[in-house]
């Protein structure tokens, strides 16, 4: 690696040798059986967020024995969810619902976390991964009933480490022929730094955080193993989210993306541009209707649902953006850019990243 050292250089010398993509400590994603066991660890204080009822699918033509099939809700750490697909014919459950982690509580602890702001900089990968760390450490602390200081993570520390280890400032990899390929592997590079060195906590304000709340090990947060899961494994992804695992991924973004308002479903389509974000929930909507009632009319010209060759129930994921709550420069469009939704089938062809954190210590 080029320039390994103290991670303090703001603009280090460009490397004169090829910088390889780092190798990560990888593991398999938690299995469905492991997630089911994890779901037994909580009492579901937010179970009322989504009615999780049985579903009798009467699509008998495609069932063994041509009889109705009863499908049961899933038991998850954060909340129980209605069955997503019929076990007999794989038909999507027509029951419409939606949920996201910031609306949940675990062991009576709210799971709200920061909406980050990347501004005008091309740093969405770093901000999305740190937002995922914020979500994951909140879930883990509530799960293990450990004290959580809620200290902010120092993203500048992460940028300094990136510059020092890879020999190029973050988001400027294309400036050198020896590092331009790293622009396609920024997520791997960030996870490598988090595994090897961690990211420091921002300096606390003595007036707000007593010293006794800050043990010595609360200096930097490191990531243990990292896993990847195909975006085609939709039911598995839904269960990972419902069991408190933060997932990050890229999304194709067109010109209309910056106008997507809070709670709206963004119809991505094809685009050469890409934006990195953290998934925070899921839901089912009746395509082309939109969960945000104020935007129902905007869906009237949408094409048929590509996942079903027509209209009907369609899975979506909730995502947290990194442009804060009030990101748009025009005052009339304030409120655009926080949490929004994306169609699950439009993530096809990409992997999602997840990770494990050390168990929090009080």
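The values are calculated or read from the model by the stated rules, or taken from the named source; none is laboratory data. Since this is a predicted model, take the numbers as computed values, not measurements. We place every Cβ from the backbone using ideal geometry, glycine too, and count neighbours over all the protein chains shown.
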Which of the residues spanning the range 80-121 are surrounded by fewer than 16 Cβ atoms within 10 Å (Cβ to Cβ), out of contact with any strand residue (DSSP E or B) (no Cβ under 9 Å at 6 or more places or on another chain) and part of a strand (DSSP E or B)?
110
If I filter the range 100-107 for residues that are over 12 Å from the mean Cα position of the chain (by Cα), on the phi > 0 side of the Ramachandran plot and at pLDDT below 90, do I get at least one hit?
yes
How many residues, within the range 250-263, are over 17 Å from the mean Cα position of the chain (by Cα), surrounded by 16 or more Cβ atoms within 10 Å (Cβ to Cβ) and in a loop (DSSP other than H, G, I, E, B)?
1
Pull out all pairs, ordered by first then second residue, where Cβ-Cβ is under 9 Å, the residues are six or more apart or on different chains, the first lies in the range 275-299 and is assigned to a helix (DSSP H, G or I), and the second is at pLDDT 50 or above and buried (at least 21 other Cβ atoms within 10 Å of the Cβ).
295/265; 299/265; 299/287
